[in-house]
1. Explain nothing, just compute: Karplus ³J(HN,Hα) = 6.51 cos²θ - 1.76 cosθ + 1.60, θ = phi - 60°, for every residue of region 282-291 in order, whole Hz, x for Gly and Pro.
2. What distance in nm lies between label points placed 7 Å from Cα along the C-beta direction at SER92 and HIS329?
3. Which FRET efficiency value, to the nearest 0.05, do you get for ASP102 and SER289 by plugging their Cβ-Cβ distance into 1/(1 + (r/R0)^6) with R0 = 30 Å?
4. With the crude spin-label approximation of a point 7 Å out along Cα→Cβ, what separation in nm comes out for THR248 versus LYS195?
5. May I ask you to sort LYS257, LYS106 by Cβ crowding, counting other Cβ atoms within 10 Å and putting the fewest first?
6. So how much slack lies between PHE207 and ILE70, counting 0.36 nm per residue of separation and subtracting their Cα-Cα distance, in nm?
7. Report the calculated FRET efficiency for VAL265 and SER154 (r = Cβ-Cβ distance, R0 = 51 Å), to the nearest 0.05.
8. So if R0 is 51 Å, what FRET efficiency would HIS181 and TYR51 give, r being the distance between their Cβ atoms, rounded to the nearest 0.05?
Amino acid sequence: MEILNKLRNLDAYPKINEDFYSRSLSGGFITIVSSVVMLLLFISEIRMYLYAATETKLIVDTSRGEMLRINFDVTFPAIPCSLLSVDTMDISGERHYDIRHDIVKKRMDHLGNVIESKQDGVGAPKIERPLQKHGGRLDHNESYCGSCYGAETSDDHCCNSCEEVREAYQKKGWGMTNPDHIDQCKREGFIERVKEENGEGCNIDGFVEVSKVAGNFHFAPGKSFHGSFNFLQDLLGIQTDNYNVVPTIYTDIRGRKIYSNQFSVTEHFRDADAYPKPPAGVYFFYDFSPIKVIFTEENASLLHLFTNVSAIIGGVFTVSGIIDAFIYHGHRAIKKKMELGKHS
């Protein structure tokens, strides 16, 4: 019994006889309000527990040798498919011209209707057996070598396709103004194909894979610049989009990782009639941030939920009691003063 008595003396919540209770209208109102507040806060905690919170972390990107896949779906309403090519290049010196794999081109009429859809449809096929060597006839044992029509850099320089003739002219600084006089172009049907597609547009759909270093990919009429990477400084008068790419990893609540990228973009455009006349095309320049962003979904623990619910109940109950006591004692003080005033 002594142990029980000592335990009874430790009671921090002494009970008051119900005969001494004094209930008030303000107390009832405060009870209703505090109950509603506790219910709303409880629902909020349950929602936060059921739905994952996302934690953001920034780290230095130390990855090397990774590839970036760039998907595109671009429509040029007034440029024939036979004149468009896709090129990529980067600051490491890697360059790819007239890319054809993983790309589908759709010929479109002036109303936007698809006329023809085919893969590997950029440019014209290369002829394998031109009939002349630098304008002369071939001996029996000589291999075939097409003429460059005055743009040869040596006696052994051969141009076996319309595109190779155009490249030779470009290196000389000449313009190929009469492709219908070039035997290779006539045999490849280049002129007929361009004339056939006159007034058409083109949709290019596909993807390219590039190294994760600064570079660009672009759409331009015919094969683009084969010079050094310094040409980037001279790309005025064309449409260019500059992208700052931020590598991003998103980890969902189940631990599955999604590797992606965020980016910001700025766009520049200059009229083609400007001087000096810029090369036509649409260029997308990209650079990678040295910082990687990691988003991780996390659920709050059950213990955290119980702690917050207990804090809500205790906190609202305590604050409500303070407000009720303030109102009750204030009302009693005012009532007492009014009674004293009447007696005086």
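No lab work stands behind these numbers, since they all come straight from the coordinates. Note that the structure is predicted; figures quoted are calculated from it, not measured. Using ideal geometry, Cβ is built from the backbone for each residue, glycine included, and neighbour counts are taken over all protein chains shown.
1. 10, 10, 10, 9, 9, 9, 9, 6, x, 9
2. For the pair SER92/HIS329, the computed spacing is 7.6 nm.
3. Using R0 = 30 Å, I get an efficiency of 0.70.
4. 5.2 nm
5. Working: LYS257 11, LYS106 18.
Ascending Cβ contact count within 10 Å gives the list LYS257, LYS106.
6. Values: separation 137, 0.36 × 137 = 49.32 nm, distance 0.54 nm.
Stretched out fully, the PHE207 to ILE70 stretch lengthens by 48.8 nm.
7. On the way: r = 45 Å, r/R0 = 0.89.
With a Förster radius of 51 Å, E is 0.65.
8. On the way: r = 71 Å, r/R0 = 1.39.
According to the calculation, E is roughly 0.10.
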